[in-house]
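This report refers to the structure that appears directly beneath it.
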Amino acid sequence: MSAQAPSSDKERTTSSEPLDSSLVRDSKRYGDTLFSGISTGSALMIFVILAAVATFLTTQAIPAVTREPGPTGLTAVETAGGFWQWVLPLAFGTVWASVLAMLMAVPLAIGIALFLSHYAPKRVAKTFGYIVDLLAAVPSVVFGLWGVTVLAPALDPFYRWLNDNLSWIYFFNAWVPYGDGGDLRPNLAAGGQNMLTAAMVLALMVIPIITALTREVFLQTPRLHEEASLALGATRWEMIRQAVLPFGTSGIISSSMLGLGRALGETMAVAMILPGKVLISFKLLTFDNPNTIAAYIAQNFPEAEGDGNHQLIAAGLVLFVITLVVNMVARAIIHSRREFSGAN
Amino acid sequence: MAKRIEIKDLDIFYGKFQAVKGVDMTIEPRAVTAFIGSSGCGKSTVLRSLNRMHEVIDGAYVDGEVLLDGTNLYGPNVDPVRVRRQIGMVFQRPNPFPTMSIKENVLAGVRLNNARMSGSEMDELAEKSLRGANLWEEVKDRLDRPGSGLSGGQQQRLCIARAIAISPDVILMDEPCSALDPISTLAIEDLIKDLKEDYTVVIVTHNMQQAARVSDSTAFFNLKAQGQPGELIEYGSTEKIFHNPDQKATEDYITGRFG
């Protein structure tokens, strides 16, 4: 703003200069009004829906947390000894399954995305990209069916081998005491239906999401930055590390969070593959696996009534909070890096 | 330091399209050589072929020889990555890495070369390179701030600092001032004059006053006709090219009678 500019609108309108009628503000811009109304309304709608969901969850969940459940409550809650003792293992199972899935999915998805954006010939990349997108369109029930009938049995011998040979790694140890002689017997999940299989299927389900989004981000890396790196004598991999990955970091984080969101809330695939229980265990191959909140609700809602309903809805609220926290953390990470993001 | 470049019968292609034809020239060390000519005449293409950046584009290739102190850069066992580590490049638009701080930007090339350096050596090299690019005084208090927060002219000098930090033999500049204001341009031109003390400098420019101000030799490129490959029309001392060119086309271009 220059120093001579009028300091306010008022000053301008009260000047005594004659007003050219063709410059008078037109008050009847119907299209403008209509469009701004629609877009503002749509934005408000999000708030209303979110508020409605939150209100429903909270009001329905309160009875489960605040008062002693009646005879209609879930027996599992009674067995666990209270609502929190019951929901905590479920929350653990949810997070554990998702974390395992992300550990497998994120590196693989980034690898695929880099292959598609920087290594594959254009034609291959295009076909391959379609296939990845197609994978995202497969319904989760189908993934679940495939996991139970194909993947789990196929991996079962491998799990036995892991338990026999690598049981010194805590996660692969499925041996339990047997009899009084201090003997051990393997307590492997039947037919390979364990936590690892569930996590693998979850990983397969989120890979297309993360791949598709990160590929787009990688493709948008400014050519200038790639050339800057190459001109300094970077190999292709060094160029990717120096120019492509830093540029794509926030994209990787946000697409991973979207994938994590799907993994956390995924119901059918887990419900079909994992015969889950209310317990906390980091072991991947055993018969006793923690369940996830979404799968637990799906498995138990049909028979629940009264207080049982409240308890399941309260578990749903816990899932809602977990997802919310995950998204907020992701935003905070992206925000804290904005100065170096190249957006300025 | 500062090596001589000999270009021998260089043809440059983008797929089936021939962009440049039959360039022969010798670029002297410790001097500034300017490439001038109208848009699309192939001068940037020739420049990019000198550090094998041309072939980064899909389907682009080169036929001919570019000798760096006698070694053919297009020889069968030559690694383009190694070539680029010896021949630095500054681009038309400043392109510091946005995710890196000023200091990290300067040291980006050194890091790639796997040089094991102590923290104090790194600091020294960063300071030396920034001083070499006339930027040290302006940024010494904010070396850890993002490079993208600098002005355009400062960013371009940061890129020059990044290029000289790996002690190249040659520095190529592709219209380094075309995105800068006159004051920043002046700063870069002064810097170019300093750089030729230690390096072979080749600069592509659209600005003929700039070529006249900074260069010792000038090469004029032109197209025979639209759609034809670009060719080297005349090459000689800047003095001669600007005051007494042999070719009519050069004179027309210099005096502005040519688009």
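Any read-out appearing in this document is the output of simple, stated calculations on the displayed coordinates, not a laboratory observation. Worth saying up front: this structure is predicted, and the values here are computed from it rather than measured. No Cβ is skipped: glycine too gets one built from the backbone with ideal geometry, and neighbour counts run over all protein chains shown.
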Discussion item. Which trypsin sites (Lys or Arg not before Pro) in segment B:178-258 sit in a loop by DSSP (not H, G, I, E or B) and have at most 10 other Cβ atoms within 10 Å of their own Cβ?
Written reply: B:257
Worksheet entry | Extended-chain gain in nm, criterion 0.36 nm per residue less alpha-carbon gap, residue B:186 and residue B:93 | 31.9 nm
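Using R₀ = 30 Å, calculate the FRET efficiency as 1/(1 + (r/R₀)^6) where r is the Cβ-Cβ separation of residue B:113 and residue B:30; round to 0.05.
Once rounded, the FRET efficiency stands at 0.80.
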Worksheet item: Out of residues 5 or more away from residue B:221 or on other chains, whose amide H comes under 5 Å of its own, with H placed 1.01 Å from N in the peptide plane?
Response: B:36, B:37, B:233
Worksheet entry | Environment charge of residue A:73, counting only residues whose C-beta is closer than 11 Å and scoring Lys/Arg +1, Asp/Glu -1 | -3
Worksheet entry | Loop trypsin sites (Lys or Arg not before Pro), segment B:1-69 (other Cβ atoms within 10 Å of the site Cβ: 14 or fewer; DSSP) | B:16
Discussion item. Can you give the local net charge around residue A:98? Use residues other than it whose beta-carbon is closer than 12 angstrom to its beta-carbon, Lys and Arg +1, Asp and Glu -1.
Written reply: 0
Response to the item:
Among A:230, A:209, A:334, the residue whose Cα sits farthest towards the positive end of the charge dipole of segment A:195-344 (+1 at Cβ of Lys and Arg, -1 at Cβ of Asp and Glu, taken about the Cα centre) is A:230
Item to complete: Compute the Rg/Rh shape ratio of chain A: radius of gyration over Kirkwood radius, all on alpha-carbon atoms.
Response: 1.13
Worksheet item: Where does the charge balance sit around residue A:294 when Lys and Arg score +1, Asp and Glu -1, over other residues with C-beta under 12 Å from its C-beta?
Response: 0
Worksheet, complete the sentence: Taking segment B:5-254, the lysine pairs whose C-alpha atoms sit under 12 Å apart (8 or more places apart or on different chains) add up to 6
Worksheet item: Given H placed on each backbone N at 1.01 Å, which residues far from residue A:277 in sequence or on other chains put an amide H within less than 5 Å of it?
Response: A:289, A:291
Practice prompt. Have a look at A:25, A:223, A:185 and tell me which one the Gaussian network model of chain A (Cα, springs below 10 Å) gives the largest fluctuation.
Written response: A:25
Item to complete: At 0.36 nm per residue, minus the direct Cα-Cα distance, what do residue A:334 and residue A:88 gain on full extension? Give it in nm, one decimal, please.
Response: 85.7 nm
Discussion item. Using DSSP H assignments, which helices in chain A have an axial alpha-carbon span of 27 Å or above and a mean Kyte-Doolittle hydropathy of 1.6 or higher?
Written reply: A:83-114, A:195-219
Item to complete: Throw me the Rg/Rh for the protein assembly as shown, computed over C-alpha atoms with Kirkwood Rh, two decimals.
Response: 1.12
Worksheet item: What are the chymotrypsin sites (Phe, Trp or Tyr not before Pro) within segment A:134-176 that DSSP puts in a loop, where the Cβ has at most 13 other Cβ atoms within 10 Å?
Response: A:168
Item to complete: Note down the relative contact order for segment B:5-254 as a percent, whole number, built from C-alpha pairs under 8 angstrom at least six residues apart.
Response: 28
Fill in: Evaluated over segment B:5-254, the Cα radius of gyration and Dmax, each in Å
18.2, 57
Worksheet item: Expressed in nm to one decimal, what extension gain is obtained for the pair residue A:138 and residue A:53 from 0.36 nm per residue of sequence separation less their Cα-Cα distance?
Response: 27.9 nm
Worksheet, complete the sentence: In deg cm²/dmol, rounded to the nearest 500, the helical mean residue ellipticity at 222 nm of chain A, built from -39500 (n - 2.57) for every DSSP H run of length 4 or more, is -21000 deg cm²/dmol
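Summing -39500 (n - 2.57) over the DSSP H runs of n ≥ 4 in chain B and dividing by its residue number, what mean residue ellipticity at 222 nm do you reach, to the nearest 500 deg cm²/dmol?
Values: 10 runs with 92 residues, N = 259.
After summing the helix terms and dividing by residue count, I get -10000 deg cm²/dmol.
For chain A, calculate the relative contact order in percent as a whole number, restricting contacts to Cα pairs under 8 Å that are 6 or more residues apart.
28
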Worksheet item: Could you state the number of Å between the C-alpha centres of segment B:109-179 and segment A:67-98?
Response: 59
Discussion item. In segment B:14-154, if the dipole is taken from +1 on Lys/Arg beta carbons and -1 on Asp/Glu beta carbons about the Cα centre, which of B:40, B:80, B:153 is farthest to the positive end?
Written reply: B:40
Discussion item. With just the Cα atoms defining each centre, how far is segment A:217-257 from segment B:11-31? Give it in Å.
Written reply: 30
Worksheet entry | Sites residue B:255 and residue B:58 - FRET efficiency at Förster radius 35 Å, r taken between beta-carbons, to 0.05 | 0.35
